[in-house]
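Worksheet: the structure to be examined is printed underneath.
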Amino acid sequence: MTARHLLLLAGDGIGAETMAQVERVLTVLRNAGLDTTWDSAPLGGASLDLHGTPLTAETLARAKQADAVLLGAVGGPKWENLDFALRPEQALLTLRKELGLFANLRPAICFPALAESSSLRSELISGLDLLIVRELTGGVYFGEPRGIETLASGERRGVNTQTYTTSEILRVAEIAFTLAAERSGKLVSVEKSNVMESGVLWREEVTALHQKNWQTLSLSHMYADNCAMQLVRAPKQFDVILTDNLFGDLLSDVAAMLTGSLGMLPSASLGDRRPDGLRPALYEPVHGSAPDIAGKSLANPCASLLSLAMALRWSFARPDLAEALESAVEETLAQGFRTPDLMTTTRESNNHLRQASTTEMTDKILDNLG
Ligand code: NAD
């Protein structure tokens, strides 16, 4: 097998700081035998300043050629008054669309050492490890007709349309079943088939796919409103949740916040298999460019490092290294090291914690990786 190639797009704000930590870890992993090459390109505001556009045609072409893309974050106050077409965030939307990334994977993992940071009681959350698979390119955010019209009566009407086709449902469901098979084998499919025809179709197609290819797995169905309640009542009942674009947007934020901190949350977005069997993939932390802390070495690198772990698992066929990196992060937290965002608000509970900068946190993670 030839070496796989990773394109690093650090972007803006803390993206540059966290991506520097990713490169440190990649170097250590390469020295330990990871057969991967990487290079980088500017994106977002950084690209706008250099090239007059948040995403150049050359960077887009390189992203398409790469086996995976790892992104830092884009955006910041310097660029926020520009036209939408020039805003740094546009680069991200174009990348997702051009790479055909229809499945968004958002794990919600609560490391035991951080259970106290959750808004839920720690026994409900400690050890949580669930994965939300959200359809990303269809549904009500893209359906036609859409718009705001003025009726003959003079009243205005806003319209959005929820649509899903069989193929749109099946391709994301196939990914969710594949992931469930590698975990506990338990998939919950979420929609509102009690009130929406698109939900009825969603349930029928997922059920048919289960019957056809995945009968050995456990499939159950849940209405989206009940799922939201269950996520805050007893989140550990879930392993893999499959849902559409709109419900996934809401439910993944609920699940993410159960785990306590934005600085800990990775994500992946996957597309259709290429002829070589790999899926185009974009890995990125859930957080943004955090202009309030940029340049101060206060950023938590864990979300970016855990995004790298997802890339190792899904694009580089190295689940062993992914697990090693995840364990190194967990061990570092268990030893009490915390970037400032993870410090608790009470002085007593901070007594056993040791505050670390972005680079110091990575130093400890590398110690635990070695
Ligand atoms: P944000 O995620 O950048 O920051 C929200 C809060 O969380 C801030 O207080 C920040 O300091 C903190 N935070 C975020 N990541 C952290 C980390 N790794 N370590 C420690 N603290 C962290 O969201 P925002 O402030 O709403 O947006 C700032 C900019 O980022 C905007 O321009 C926005 O458009 C952009 N943004 C980009 C992405 C992306 O690139 N995927 C996502 C969200 C927001």
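Where both bridge residues fall in segment 111-260, DSSP classifies roughly 25% of the beta bridges as antiparallel. Close Lys pairs in the chain, defined as Cα atoms under 26 Å apart and 8 or more places apart or on different chains, number 8.
Comparing H221, H287, H352 in a Gaussian network model of the chain (Cα springs below 10 Å), the most mobile by mean-square fluctuation is H352. Sorted fewest first by neighbouring Cβ atoms within 10 angstrom, E284, E197 come out as E197, E284. Distances between placed amide hydrogens fall under 5 Å for A108 paired with L130, L131, I132, all partners being 5 or more residues away or on another chain.
By the helix-only formula, in which each DSSP H run with n ≥ 4 contributes -39500 (n - 2.57) and the sum is divided by residues, the chain has a 222 nm mean residue ellipticity of -12500 deg cm²/dmol.
Look at the alpha carbon pairs under 8 Å that are at least 6 residues apart: their mean separation over the length of segment 34-106 gives a relative contact order of 34 percent. In terms of surrounding Cβ atoms within a 10 Å radius of their Cβ, I175, I132 rank from fewest to most as I175, I132. State, as an integer percentage, the relative contact order of the chain based on alpha-carbon contacts under 8 Å between residues 6 or more apart. Once normalised by length, the contact order is 20 percent.
Taking amide hydrogens as placed 1.01 Å from N in the peptide plane, the amide H of A68 sits under 5 Å from those of H5, L7, each at least 5 positions away in sequence or on another chain. Distance between the C-alpha centers of segment 29-57 and segment 88-109? Whole Å please. Computed from Cα coordinates, the inter-centre distance equals 16 Å.
Proximity of backbone amide H atoms, modeled 1.01 Å from N, is registered between T53 and L48 at under 5 Å, excluding neighbours fewer than 5 places apart on the same chain. Note on the chain: GNM, Cα springs under 10 Å; of R156, R87, R313, the largest mean-square fluctuation is that of R156. When the Gaussian network model of the chain links Cα atoms closer than 10 Å, the mean-square fluctuations of I293, I14, I148 top out at I148.
Each reported figure results from applying straightforward, stated rules to the coordinates on display, with no laboratory input. Since this is a predicted model, take the numbers as computed values, not measurements. Don't worry about glycine lacking a Cβ; one is built from the backbone with ideal geometry, like all the others, and counts go over all protein chains shown.
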